[in-house]
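To start, the structure under review is shown below, and the notes come after it.
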Amino acid sequence: MRVLSVASEVFPLVKTGGLADVAGALPRALAAEDVEMRVMLPGYRDVLGALGGTKVVKRYKSLFGAEARLIAGSAGGLDLIVLDAPKLFDRPGNPYLGPDGADWPDNWQRFAALCRAAADIGEGAVEAFVPDVVHCHDWQAGLTPAYLRHAGRKAAKSVATIHNIAFQGRFPASIFASLGLPPEAWAVEGVEYYGGVGFLKAGLHYADAITTVSPTYAEEICTPAGGMGLDGLLRARRSVLSGIVNGIDAAVWDPTTDPHLAANYTATTLPRRALNKRAVEEAFGLARDDGFLFCVVSRLGWQKGMDILGACIDGLVARGARLAVLGSGEAAIEGMFRAAVARHPGRVGIVTGYSEPLSHLLQGGSDSVLVPSRFEPCGLTQFYGLRYGCVPLVSQVGGLADTVIDANLAALDRGVATGLQFLPVEAPALDRAIGRAVDLHRDAKAWRKLQQNGMKSDLSWTASARRYADLYRSLLG
Ligand code: ADP
Ligand code: GLC
């Protein structure tokens, strides 16, 4: 079976969040299920620079006003089909935002072009790779199922995966005429969404199957609060919607070999983590201390609940704990953390920007990773925490609810707890959970058990890859 996976970011080539990790890990995970997956992504400057073994497999005189080519090649250990359209994608840095931090004004053309070309491949335009299924990730790939459905000839089946329903790809109605879809697609039973064009909406309407990245999030997005405008459509399509939880790339995230750590360790050499703690203190300007260290590795935005954490920092420090924050995003949230650093020098530290090495070091040297998200489709940082013995403290929502076992009395009693959860997602509940973690940590044996449970839990892609493969097969009948 051949599957084309269409994504706007793929680790290790271009990454702003978990989507890249997932898109990068899926092909290898699915190979074990006899699925040959190729990843299609835009030819951003960094991607083209890394691409090897290239072959042009299709040319366009004009694709949304840009001269374009499809190039098959490989990079970062992945087989890729790259849409090379310099006018649209030959830009440095963030794949979605210009240097001013705002969305590129031509984002609709950029990602409509990606979708049009993906659908062409789904219709058999590239002889070397004719997929049975096109798997579309998030709004950037959302128009693909619309094009496939209106193809007018035999085309691949489609799967739309929601990694984050907050990003919907909404554009004014005026762009519809340029999309190359038939007039009947301009309808509620089509791409129309609250008077405009909705890329994600289109994907959810036309795809043969819909998935999201955890069972709990699949439930949440069918409610008005979680669906953010798309819950009605999702309820109507409930029978083709499922939640398949993400896994992690165990080769990239392995504390026994991780090159970004000051000291590698296993579940039986946990004291070696102290050397990583020393390195974290150094990098984040924290005082040397063997006491409790919390960390954050996150986009700094509303979704991630960082303002809620902000309200708990003084309490965290009053309990004798410290906090190291690695994040990038909203200036106001960064400012909030900077003010906390000023109030608690040596106890709170922040590094802003994106750093893959520091994200690994924090998991290898902190005692607990905080993930107080308001909503979280799956979340990957809690998985990395589990694998690294950095006990996750998470809100009980979405994938966080599905993947962490709270250290309540019953779970502690049976020896199955892997972390701490709190609800509602508000400061008093988070504050209590922080207190619970610090108290639990005083019992070194109990804490070590939490760490070891997490480290031995199955975070692999094996079961989920099988579920995706079964889903693809079910579409082919
Ligand atoms: P989301 O995709 O919503 O941001 P996830 O938890 O699924 O959340 O994935 C986040 C990914 O991005 C993880 O791999 C995490 O380690 C990484 N990450 C987030 N912020 C940073 C940062 N500032 N520096 C390095 N890695 C980061
Ligand atoms: C999104 C979600 C995150 C999820 C990731 C990968 O960015 O916010 O929860 O883990 O996609 O599926």
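The values are calculated or read from the model by the stated rules, or taken from the named source; none is laboratory data. What you see is a predicted model; the values in this text were computed from it and never measured. Neighbour counts run over all protein chains shown; Cβ positions are idealised from the backbone, glycine included.
One table, with the values for the structure above:
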item: Lone qualifier among Gly152, Gly203 - being surrounded by fewer than 20 Cβ atoms within 10 Å (Cβ to Cβ) and over 16 Å from Val39 (Cα atoms); result: Gly152
item: Pairs, first at pLDDT below 95 in segment 2-28, second in a strand (DSSP E or B) and within 12 Å of ligand 1 (Cβ to nearest atom), C-beta under 7 Å, six or more apart; result: Gly17/Arg299
item: Residue within segment 194-214 that is closer than 24 Å to Leu63 by Cα, within 16 Å of ligand 1 (Cβ to nearest atom) and either in the same structural domain as Tyr96 (by TED's automatic domain parsing) or without any contact (Cβ under 8 Å) to a residue 40 or more places away in the chain (or both) present; result: yes
item: Positions within segment 182-200 being surrounded by fewer than 23 Cβ atoms within 10 Å (Cβ to Cβ) and either assigned to a loop (DSSP other than H, G, I, E, B) or charged (D, E, K, R) (or both), in sequence order; result: Pro182, Glu184, Trp186, Ala187, Val188, Glu189, Gly190, Glu192, Tyr194, Gly195
item: Members of segment 387-406 found to be more than 14 Å from ligand 2 (Cβ to nearest atom) and buried (at least 24 other Cβ atoms within 10 Å of the Cβ), listed by number; result: Tyr388, Gly389, Cys390, Val391, Leu393
item: Selection status of Leu412, without any contact (Cβ under 8 Å) to a residue 40 or more places away in the chain, closer than 26 Å to Ile248 by Cα and assigned by TED's automatic domain parsing to the domain that holds Asp307; result: yes
item: Residue count, segment 348-366 (criterion: closer than 24 Å to Leu420 by Cβ and surrounded by fewer than 23 Cβ atoms within 10 Å (Cβ to Cβ)); result: 4
item: Selection count, segment 236-285, where residues are more than 26 Å from the chain's Cα centre (by Cα), not in a loop (DSSP other than H, G, I, E, B) and not small (Gly, Ala, Ser); result: 9
item: Looking only at segment 372-403, and only at residues there that are within 12 Å of ligand 1 (Cβ to nearest atom) and of a type in the set (D, E, K, R), the one that is nearest to Val22 (Cα to Cα); result: Glu376
item: Residues satisfying the stated conditions in segment 266-295, i.e. in contact with a Phe, Trp or Tyr (Cβ under 9 Å, 6 or more places away or on another chain) and either more than 17 Å from Ala444 (Cα to Cα) or hydrophobic (A, V, I, L, M, F, W, C) (or both); result: Leu275, Asn276, Cys295
item: Any chance Phe375 is closer than 24 Å to Ala166 by Cβ, in the same structural domain as Val348 (by TED's automatic domain parsing), away from ligand 2 (no atom under 13 Å from the Cβ) and not basic (Lys, Arg); result: no
item: Candidate set from segment 161-181 (those that are farther than 15 Å from Gly229 by Cβ and within 13 Å of ligand 2 (Cβ to nearest atom)); member that is surrounded by the fewest Cβ atoms within 10 Å (Cβ to Cβ); result: His163
item: Residue list for segment 129-181, restricted to those being at positive phi and either touching a Ser or Thr at 6+ places or on another chain (Cβ under 9 Å) or assigned to a helix (DSSP H, G or I) (or both); result: Asp138
item: Entirely in segment 320-371, the strands (runs of 3 or more DSSP E) that have 1 or more residues that are in contact (Cβ under 8 Å) with a residue 60 or more places away in the chain and either within 12 Å of ligand 1 (Cβ to nearest atom) or not hydroxyl-bearing (Ser, Thr, Tyr) (or both); result: 348-352, 368-371
item: Test result for Leu233, assigned to a helix (DSSP H, G or I), away from ligand 1 (no atom under 16 Å from the Cβ), touching a residue at least 24 places away in the same chain (Cβ under 8 Å) and crowded, with 16+ Cβ neighbours inside 10 Å; result: yes
item: Subset tally (residues that are touching a Leu at 6+ places or on another chain (Cβ under 6 Å) and within 12 Å of ligand 1 (Cβ to nearest atom)) for segment 1-29; result: 3
item: Residues that are more than 27 Å from Val130 (Cβ to Cβ), part of a strand (DSSP E or B) and of a type in the set (Asp, Glu), drawn from segment 55-103; result: Asp103
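Residues checked against (1) of a type in the set (Val, Ile, Thr); (2) assigned to a strand (DSSP E or B); (3) within 18 Å of Leu70 (Cβ to Cβ):
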{"site": "Ser5", "(1), (2), (3)": "no, yes, yes"}
{"site": "Asp21", "(1), (2), (3)": "no, no, no"}
{"site": "Ala25", "(1), (2), (3)": "no, no, no"}
{"site": "Ala29", "(1), (2), (3)": "no, no, no"}
{"site": "Asp34", "(1), (2), (3)": "no, no, no"}
{"site": "Arg38", "(1), (2), (3)": "no, yes, yes"}
{"site": "Val47", "(1), (2), (3)": "yes, no, yes"}
